[in-house]
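The values are calculated or read from the model by the stated rules, or taken from the named source; none is laboratory data. Predicted model only: the values in this text are computed from it and were never measured. Every residue, glycine as well, gets a Cβ built from its backbone with ideal geometry; the counts of neighbours run over all protein chains shown.
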């Protein structure tokens, strides 16, 4: 299975502008620039897209892990916060923190913790990132 996205960039780093699009069309020529990445510009940026992808991937992985443990969540809300730092090698995604809130009727807390840890380690986006991934997962 393959998925694709594309980007077009015009101009220099700080004064240029770009657009990103996805194969599905959900993003279609969505604007990004230096200011949307490193300042307060309006538009998206690669790290925000990674965060959304990680949150979505993790939520689906957790749902699968919960199902294997005999639980079904009424809701799984995941927020991923991506940290980008300037290292000697250049700008690098160094950390991702997942904040997860699950509503599961009659949940087994220990089984939930195991499922969350397995989802964090096993979700494809977690596995593609070379970053420290932390998590705060709670039943609500």
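Tell me which helices (runs of 4 or more DSSP H) are completely within the range 29-140 and hold 3 or more residues being on the phi < 0 side of the Ramachandran plot and within 13 Å of the chain's Cα centre (by Cα), or say none if there are none.
Working: elements: 34-38, 46-68, 109-122, 124-128.
Result: 46-68, 124-128.
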Practice prompt. Return a yes/no flag: does the range 72-88 have any residue that is in the same structural domain as residue 129 (by TED's automatic domain parsing), farther than 21 Å from residue 134 by Cβ and modelled with pLDDT under 95.
Written response: no
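For every residue, the table says whether it meets (1) buried (at least 19 other Cβ atoms within 10 Å of the Cβ); (2) touching a strand residue (DSSP E or B) at 6+ places or on another chain (Cβ under 7 Å).
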{"position": "39", "(1), (2)": "no, no"}
{"position": "50", "(1), (2)": "yes, yes"}
{"position": "70", "(1), (2)": "no, no"}
{"position": "81", "(1), (2)": "no, yes"}
{"position": "90", "(1), (2)": "no, no"}
{"position": "100", "(1), (2)": "yes, yes"}
{"position": "106", "(1), (2)": "no, no"}
Worksheet item: Just one of the numbered conditions (1) modelled with pLDDT of 95 or more; (2) in contact with a helix residue (DSSP H, G or I) (Cβ under 9 Å, 6 or more places away or on another chain); (3) surrounded by fewer than 12 Cβ atoms within 10 Å (Cβ to Cβ); (4) closer than 22 Å to residue 47 by Cα is not true of residue 127; which one?
Response: (1)
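Mind checking which residues of the range 1-26 are buried (at least 16 other Cβ atoms within 10 Å of the Cβ), within 26 Å of residue 126 (Cα to Cα) and out of contact with any helix residue (DSSP H, G or I) (no Cβ under 8 Å at 6 or more places or on another chain)?
Taking the range 1-26 as the starting set, the residues that turn out to be buried (at least 16 other Cβ atoms within 10 Å of the Cβ) are 17-21.
Those still in the list that are within 26 Å of residue 126 (Cα to Cα) too: 19-21.
19, 21, listed by residue number.
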Worksheet item: If a residue has to be closer than 17 Å to residue 46 by Cα and free of Cβ contacts under 8 Å to residues at least 12 places away in the same chain to count, how many in the range 93-120 make the cut?
Response: 0
